[in-house]
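Read the structure below first, then the notes.
The values are calculated or read from the model by the stated rules, or taken from the named source; none is laboratory data. It should be emphasised that the depicted structure is a prediction, and the values quoted were computed from it without experimental measurement. Here the Cβ is made from the backbone with ideal geometry for all residues, glycine too, and neighbour counts use every protein chain on show.
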Amino acid sequence: MVNEQHRPTPLDVPISFFEYNRSHERFANVPTQTTTLRRMATTAFYRQIVESIRLEPDEERQKELKKQLPGFTPAAWLRHRKRDTTFDERVRQQWPMLMGDVDKKDNPSVDMAELKKCISRLTYVLTCAYSVRGGLWFVVRLPDHQTPETLAAHFRYVQKLFSTYFGVILDSTKGGNPTHLRFVSYDPEPYINENATVMDKTYTPKPAAPYVPPRRSGNPALYAHEGFIDADELERQYGQAILSDLVGEALTHNGQVTRLFDTTTHSAEKFYLSGKTGKPSIHNYSENQTWFPVNAYAQKHGLTYAQALHELSQQYGLPTPTRQPVSEAHRDNRIRPPSAYIVTRLEDWEPGTILRPPESAIERLPVDPCDTYPADWEPAPNSMTSVTTWNSLFVQPPYSWDADSVRRFIQWAVIPAGCEG
């Protein structure tokens with residue numbers, strides 16, 4: 001009988017196991033050992049700690065107890081998790097798997113037991129089990145030869161799938177990157193699928209609509225259209241994952257110390273999930289400096305804001321349109337006001353035209369200059385009525401514009417002498 005060579009399933013490939021460093025309030029940079037997905041899904045070694053966390057009503061106390069648990073990377077076998085290193089330097093092997101996490105705080109009305117049954121019916125799910133605080137985590141099998149970019153596209157599809165069909169929000173900080181960690185948990189009855197199929201679906205958002213630069217007035221057609229990346233939407237949707245990757249660990253509001261740029265023992269930095277803008281940020285109280293995801297990424301990697309925005313949009317599969325010059329066809333199609341034209345005859349006149357008869361058809365009447373006024377218009381030489389202009393006291397003029405005065409003025413100023421009718 002010929003023995004076939006054993007080929008391990010994705011449940012048995014090596015993945016990395018990390019201890020939590022209590023002195024630095026974060027996971028260690030170097031894995032302490034190698035483990036497997038099957039072992040992490042079925043282990044009961046940490047049962048006592050996990051059950052005590054689930055019974056603890058105080059959330060802050062839960063976070064402190066959780067630091068006793070180690071973590072693992074379900075989708076990758078790592079060399080280390082050191083900052084400022086390339087993906088190839090950190091990752092020994094990225095496996096064709098994707099992790100998903102359903103947090104109870106993001107889905108308070110979801111029945112986790114029923115959801116676990118629904119997830120277990122998906123043929124491409126390798127394993128599904130309860131997380132430390134009563135949520136769920138699962139792993140999906142993907143096609144071979146994965147990269148961080150293809151993993152992000154698969155993760156977006158799973159996010160959309162769960163949101164559309166299950167009404168469930170997945171944690172964006174766990175799954176979109178192969179180096180993401182999760183805490184070891186305990187489930188007495190984890191779901192294991194030895195014959196999981198491959199999930200090859202991806203999702204890429206539609207390109208953003210063309211952007212017309214703001215203007216005070218004028219015609220929209222006079223402005224060049226340029227594509228743009230919506231930085232606010234990028235930060236709202238993926239900001240927590242971006243900051244988590246920069247810090248090198250999962251972020252919580254009042255749990256472990258956040259160290260983005262302040263590496264002192266008692267860091268003055270604090271992570272906020274959302275503020276007035278709805279975007280996550282890290283605030284340094286010693287310097288009164290707030291770091292939003294794109295700015296922090298640019299500062300961390302020595303990039304300009306535009307370069308950081310371009311890199312992050314590529315990393316998370318968002319469209320990256322470039323400025324497009326105005327084409328000649330676009331210039332020719334600009335809307336312009338109708339050009340007025342001149343007519344020389346009255347019968348040719350119509351709205352929008354200017355009647356301008358030729359010089360030969362214009363009769364100009366000579367008018368002799370006159371520096372004196374008729375006696376009827378000389379004001380009486382008395383006090384205030386002798387003032388011929390308005391002053392600050394709003395003195396009335398020395399005459400009134402009644403019908404007779406207007407008639408006499410026209411007769412004197414307009415009709416030449418000798419032409420009175």
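The rows are residues; the columns are (1) touching a Ser or Thr at 6+ places or on another chain (Cβ under 7 Å); (2) closer than 22 Å to GLU64 by Cα; (3) at pLDDT 70 or above; (4) buried (at least 19 other Cβ atoms within 10 Å of the Cβ).
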position	(1), (2), (3), (4)
ALA221	no, no, no, no
ALA231	no, no, yes, yes
GLU235	no, no, yes, yes
PHE271	yes, yes, yes, yes
GLY275	yes, no, no, no
HIS283	yes, no, yes, no
TYR297	no, no, yes, yes
Original post:
Which residue out of LYS63, LYS104, LYS82, LYS117 is outside any strand (DSSP E or B) and either within 15 Å of ILE192 (Cα to Cα) or modelled with pLDDT of 95 or more (or both)?
Top reply: LYS117
Original post:
Out of curiosity, is THR173 β-branched (Val, Ile, Thr), crowded, with 16+ Cβ neighbours inside 10 Å and under 23 Å from LEU11 (Cβ atoms)?
Top reply: no
Subject >> Whichever residue in the range 125-157 is of a type in the set (Phe, Trp, Tyr) and in a helix (DSSP H, G or I) and, among such residues, is surrounded by the most Cβ atoms within 10 Å (Cβ to Cβ) >> reply: PHE155
**OP:** Go through GLU189, GLU149 for me and flag whichever is more than 28 Å from the chain's Cα centre (by Cα) and charged (D, E, K, R).
**Re:** GLU189
Subject >> Residue list for the range 47-93, restricted to those being more than 21 Å from THR173 (Cβ to Cβ) and aliphatic (A, V, I, L, M) >> reply: ILE49, LEU55
**OP:** Output the residues belonging to the range 91-101 that are out of contact with any His (no Cβ under 6 Å at 6 or more places or on another chain) and not in a loop (DSSP other than H, G, I, E, B).
**Re:** VAL91, ARG92, GLN93, GLN94, MET97, MET99, GLY100, ASP101
Subject >> Residues of the range 102-124 classified as of a type in the set (D, E, K, R) and touching a residue at least 60 places away in the same chain (Cβ under 8 Å), total >> reply: 3
